[in-house]
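One structure is given below, encoded as structure tokens.
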Amino acid sequence: MNAMNRRACLLGGLALPLAWSGCAAVAPDAASGAATADSALMGTGDLGVVIERASGSLALVNTSSRRLLGKVGGLGDLSHASVVFSRDQRYAFVFGRDGGLSKVDLLTRRLVARVMQAGNSIGGAISADGTLVAAQNYTPGGIKVFDAQTLALVADLPAPIDAVKQPGKLSRVVGLVDLPGRRFAYSLFDADAICIADLSDVAHPRITRLDGIGRQPYDALVTPDGRHYIAGLFGEDGLAMVDLWDETPQVRRILGGYGRGEQPLPVFKMPHLRGWAVAGRHAYLPAIGRHEVLVVDTTTWQEVGRIPVAGQPVFVIARPDGRQVWVNFAVPDYHRVQVIDTQQRRVVRTIEPGKAVLHLEFTPRGESVWISARDANRVTVYDTQRIEPTAELALDAPSGIFFTARSARLGF
Amino acid sequence: MTAQRLEQTPQGFGLARVLGGGPLLLAALTANAAAPMPAPDVSAPSPARRAELIRMVRQDCGSCHGMQLTGGLGPALTREALADKSLEGLAITIYQGRLGTPMPGWRSMLSEPEAQWIAERLAAGFPQEGAR
């Protein structure tokens with residue numbers, strides 16, 4: 001596309017859409033000048049981004065050629081960053097720790113819009129229709145919703161802890177996900193609550209709040225069918241689940257007391273639930289304070305097994321076909337990744353992709369998985385059938401990896 | 001609360017007050033047996049170890065407190081944010097964790113003097129990586 005962009009500029013921009021923003025940034029692929037028809041057009045279905053956490057830049061990658069395409073900088077503090085994609089898979093919305101929300105064009109490899117929307121932010125979501133981008137914030141606690149085209153603020157939804165007992169005090173928001181119908185669900189770490197915000201009329205958002213869900217929800221997920229929203233609890237054993245298909249959604253405790261009577265281990269990093277693992281009828285979830293992955297039957301929501309693993313699980317992610325589940329860990333066990341075979345329900349392989357593995361992302365069909373090792377300054381691509389490395393990319397302190405196929409998945 | 005244990009210290013009440021612990025923390029502090037305080041900084045970490053500790057604080061503590069230590073799920077650890085906190089309270093929190101919160105004790109990865117060293121550096125404004 002960059003080649004096309006460059007050529008188009010030379011030709012005076014004939015018959016091009018309005019969105020082109022100029023010719024100055026010529027990316028490596030275009031620099032050769034070989035602006036043939038073949039190289040001029042490019043899809044985005046096999047593109048992705050990797051957060052370079054120390055330098056605050058976004059590395060754009062191609063998962064077919066397994067190459068770095070270019071970098072986009074100036075995105076602020078990306079020490080805890082997450083990304084969602086527009087439904088045409090052209091734009092990445094990057095949520096930075098410092099409250100910056102950036103919109104990056106993957107084709108022109110440019111930052112096209114950026115707002116500082118909070119003091120301390122943790123992630124975001126995009127509505128199913130692609131029109132709304134929501135950010136979840138710690139400071140000020142709440143969510144803010146933006147027009148996905150312009151990043152103009154369309155709704156500001158603070159998250160009061162308790163408007164009567166603690167007036168003006170806001171809760172940090174975790175576990176924000178999109179739901180069908182221009183709705184978002186999120187959890188309040190400081191208020192032990194789950195909120196469902198309906199923005200079908202953005203001028204008049206309607207919030208349904210469920211209180212007393214359990215202590216300190218730290219992250220959450222929505223099942224692929226959009227039916228169940230599940231928040232992990234730090235302050236007690238178990239998870240809080242809401243059946244969103246109920247007329248009047250209510251919270252139900254699942255896996256209550258999974259560590260009862262046993263000394264919990266220190267949790268040196270909070271698990272993330274978002275990249276969650278559903279394999280067939282079973283869900284695989286990280287235990288808190290236990291070096292185990294919990295296996296849950298999603299029809300009964302009963303625990304059906306536990307798998308001992310090498311440390312405190314952080315991400316527990318299923319290969320898209322559900323045959324394998326890959327797990328990484330908190331410090332000091334974060335040089336390892338373990339692969340669970342879901343038929344045998346046990347760890348079948350332990351690999352060491354480098355020190356400080358922070359994230360992993362499967363390609364859309366799952367033939368490969370990309371794994372970032374922060375302290376090794378590299379991303380390693382593994383063939384998931386053989387569980388062997390097949391490519392390596394040198395990147396500066398890589399953390400989160402996000403492929404454009406996320407745009408087609410609810411909750412991503 | 002099952003997430004972490006925090007052992008009693010002679011400064012239990014003072015620590016709870018300084019760190020803003022609620023009734024739960026006070027109860028726990030008064031209920032448990034005594035544990036040693038981090039010793040004064042008699043054996044400062046070597047330069048190589050200091051670099052490791054700085055990286056650990058920025059990167060690993062940073063996953064909750066932010067790489068710039070401006071806070072996240074954990075509170076901000078900037079010099080300004082810690083202005084009214086006692087050094088020994090900070091060192092205890094680092095070494096033993098803080099009951100009722102997600103803050104774990106880092107004793108399996110740090111010595112007491114190292115926890116003390118980190119507390120001192122935090123209170124003074126924590127160095128960037130690459131600094132000594």
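The values are calculated or read from the model by the stated rules, or taken from the named source; none is laboratory data. These figures come from a predicted structure and were not determined experimentally. So basically every Cβ, Gly included, is an ideal-geometry build from the backbone, and we count neighbours across all protein chains shown.
Go through segment B:55-89 residue by residue and tally those that are more than 22 Å from A:ARG172 (Cβ to Cβ) and in contact with a helix residue (DSSP H, G or I) (Cβ under 7 Å, 6 or more places away or on another chain).
The qualifying residues number 4.
If you take the residues in segment B:68-106 that are among the aliphatic types (A, V, I, L, M) and in a helix (DSSP H, G or I), which one is nearest to A:PRO264 (Cα to Cα)? Don't jump to the end; show me each part of the working.
Step one: of segment B:68-106, the residues among the aliphatic types (A, V, I, L, M) are B:69, B:73, B:76-77, B:81-83, B:87, B:90-92, B:94, B:99, B:103.
From what's left, in a helix (DSSP H, G or I): B:87, B:90-92, B:94.
Numbers: B:LEU87: 27, B:LEU90: 23, B:ALA91: 22, B:ILE92: 19, B:ILE94: 18 Å.
Applying the filter and picking the extreme gives B:ILE94.
Out of curiosity, is A:GLY226 within 14 Å of chain B (Cβ to nearest Cβ), at pLDDT below 95, farther than 19 Å from A:TYR138 by Cα and surrounded by 14 or more Cβ atoms within 10 Å (Cβ to Cβ)? If you could, list the steps in order and put the result at the bottom.
Numbers: within 14 Å of chain B (Cβ to nearest Cβ): no; at pLDDT below 95: yes; farther than 19 Å from A:TYR138 by Cα: yes; surrounded by 14 or more Cβ atoms within 10 Å (Cβ to Cβ): yes.
For A:GLY226, the condition - within 14 Å of chain B (Cβ to nearest Cβ), at pLDDT below 95, farther than 19 Å from A:TYR138 by Cα and surrounded by 14 or more Cβ atoms within 10 Å (Cβ to Cβ) - is not met.
Tell me whether segment A:123-137 contains one or more residues that are outside any loop (DSSP other than H, G, I, E, B), among the hydrophobic types (A, V, I, L, M, F, W, C) and more than 21 Å from A:ASP178 (Cα to Cα).
First, the residues of segment A:123-137 that are outside any loop (DSSP other than H, G, I, E, B): A:123-126, A:132-137.
In the following step, the residues that additionally are among the hydrophobic types (A, V, I, L, M, F, W, C) were identified as A:125-126, A:132-135.
Of the ones still in play, those that are also more than 21 Å from A:ASP178 (Cα to Cα) are none.
There is no residue in segment A:123-137 that is outside any loop (DSSP other than H, G, I, E, B), among the hydrophobic types (A, V, I, L, M, F, W, C) and more than 21 Å from A:ASP178 (Cα to Cα).
Among the strands (runs of 3 or more DSSP E) lying completely within segment A:173-273, list those that include at least 3 residues that are touching a Gly at 6+ places or on another chain (Cβ under 7 Å). Break it down stepwise before answering.
Details: elements: A:173-179, A:183-188, A:193-198, A:206-211, A:217-222, A:228-233, A:239-243, A:251-254.
Counting at least 3 such residues, we get A:173-179, A:217-222.
Does segment A:319-327 contain at least one residue that is at pLDDT below 95, touching a helix residue (DSSP H, G or I) at 6+ places or on another chain (Cβ under 8 Å) and not aliphatic (A, V, I, L, M)?
There is no residue in segment A:319-327 that is at pLDDT below 95, touching a helix residue (DSSP H, G or I) at 6+ places or on another chain (Cβ under 8 Å) and not aliphatic (A, V, I, L, M).
Determine, yes or no, whether A:ALA231 is crowded, with 21+ Cβ neighbours inside 10 Å, under 25 Å from B:HIS65 (Cβ atoms) and touching a Pro at 6+ places or on another chain (Cβ under 9 Å). Can you show your working first?
Values: crowded, with 21+ Cβ neighbours inside 10 Å: yes; under 25 Å from B:HIS65 (Cβ atoms): yes; touching a Pro at 6+ places or on another chain (Cβ under 9 Å): yes.
It is true that A:ALA231 is crowded, with 21+ Cβ neighbours inside 10 Å, under 25 Å from B:HIS65 (Cβ atoms) and touching a Pro at 6+ places or on another chain (Cβ under 9 Å).
Go through A:ALA113, A:ALA118 for me and flag whichever is in contact with a strand residue (DSSP E or B) (Cβ under 6 Å, 6 or more places away or on another chain), among the aliphatic types (A, V, I, L, M), assigned to a loop (DSSP other than H, G, I, E, B) and over 17 Å from A:SER399 (Cβ atoms). Lay out the reasoning, then the answer.
Values: A:ALA113 fails: assigned to a loop (DSSP other than H, G, I, E, B).
Sole residue among the options that is in contact with a strand residue (DSSP E or B) (Cβ under 6 Å, 6 or more places away or on another chain), among the aliphatic types (A, V, I, L, M), assigned to a loop (DSSP other than H, G, I, E, B) and over 17 Å from A:SER399 (Cβ atoms): A:ALA118.
Keeping to segment A:64-123, report how many residues are at negative phi and either within 14 Å of another protein chain (Cβ to nearest Cβ) or of a type in the set (Phe, Trp, Tyr) (or both).
21
Taking the residues in segment B:34-67 that are in a loop (DSSP other than H, G, I, E, B) and modelled with pLDDT of 90 or more as candidates, determine which candidate is nearest to the other protein chains (Cβ to nearest Cβ).
So in segment B:34-67, the residues in a loop (DSSP other than H, G, I, E, B) come out as B:35-46, B:66-67.
Okay, now just the ones that are also modelled with pLDDT of 90 or more, so B:45-46.
On the way: B:PRO45: 17, B:SER46: 20 Å.
Only one residue fits best here, namely B:PRO45.
Go through the residues of segment A:48-56 one by one and say whether even a single one is part of a strand (DSSP E or B) and either within 14 Å of another protein chain (Cβ to nearest Cβ) or more than 18 Å from the chain's Cα centre (by Cα) (or both). Explain how you work it out, then say what you get.
So the first thing to find is which residues in segment A:48-56 are part of a strand (DSSP E or B), and the list is A:48-52.
Checking which are either within 14 Å of another protein chain (Cβ to nearest Cβ) or more than 18 Å from the chain's Cα centre (by Cα) (or both) leaves us with A:51-52.
Scanning segment A:48-56, I find at least one residue that is part of a strand (DSSP E or B) and either within 14 Å of another protein chain (Cβ to nearest Cβ) or more than 18 Å from the chain's Cα centre (by Cα) (or both), so the answer is yes.
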